[in-house]
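> Let me begin by handing over the structure; questions about it come next.
The values are calculated or read from the model by the stated rules, or taken from the named source; none is laboratory data. Keep in mind the model is a prediction, meaning the values are calculated, not measured. Because the Cβ atoms are built from the backbone with ideal geometry, glycine has one as well, and the counts that use them run over all protein chains shown.
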Amino acid sequence: MAGGVSRPSPVSTGLACRCPRCGRGRLFSGFLTLVERCEVCQLDLRVADSGDGPAVFVIFIVLAIAVPFAFAIWAWFDWPAWLVMVLTSILVLGGSLGLLRPAKAILVALQFWHRPQNSFHQSGGSGRGTIDHANDD
Ligand SMILES: [Zn+2]
């Protein structure tokens, strides 16, 4: 990698819901509650704030899939409208709940790696791109 900095991909750590710095520690202690510190690299995650970003991205993605799905099954099958609405609601609810955690984890990882002035790097730790490999297996 350029600059000799080894770091986990924000997308891969986000999809795995792992720490953005080391890629190994758990990121969540609840459904959407972040752990206070990474159990592996001690990154302070109390300062992570993804705001409403994950929900907005999830809404755009899920609705871009659900609306064509609803029109398609309504057009292709002669099902009643209530059945189409129920199936679409299940798709929207399941898709939203399923994507919310990875979306939040990806945004936290992107914030960590691409905002040099953010509070991740002012709250202790060794900063971005300086992963301490002393505890590696
Ligand atoms: Zn970590």
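> Can you tell me which condition VAL56 does not meet? The list is (1) away from the ligand (no atom under 16 Å from the Cβ); (2) touching a residue at least 12 places away in the same chain (Cβ under 8 Å); (3) in a helix (DSSP H, G or I), and all the others hold.
VAL56 satisfies all of (1) away from the ligand (no atom under 16 Å from the Cβ); (2) touching a residue at least 12 places away in the same chain (Cβ under 8 Å); (3) in a helix (DSSP H, G or I) except (2).
> So VAL58 passes all but one of these: (1) at pLDDT 95 or above; (2) of a type outside the set (S, T, N, Q); (3) more than 12 Å from the chain's Cα centre (by Cα). Which condition number does it fail?
Checking VAL58 against (1) at pLDDT 95 or above; (2) of a type outside the set (S, T, N, Q); (3) more than 12 Å from the chain's Cα centre (by Cα), the one that fails is (3).
> Still on this structure: From the list VAL40, VAL47, which residue is under 20 Å from ALA103 (Cα atoms) and within 16 Å of the ligand (Cβ to nearest atom)?
From the options VAL40, VAL47, the qualifying one is VAL47.
> Among residues belonging to region 19-33 that are of a type in the set (Lys, Arg) and surrounded by fewer than 21 Cβ atoms within 10 Å (Cβ to Cβ), point out the one that is nearest to the ligand (Cβ to nearest atom).
Filtering region 19-33 for residues of a type in the set (Lys, Arg) gives 21, 24, 26.
Then drop every residue that is not surrounded by fewer than 21 Cβ atoms within 10 Å (Cβ to Cβ), which leaves 24, 26.
On the way: ARG24: 6, ARG26: 9 Å.
That would be ARG24.
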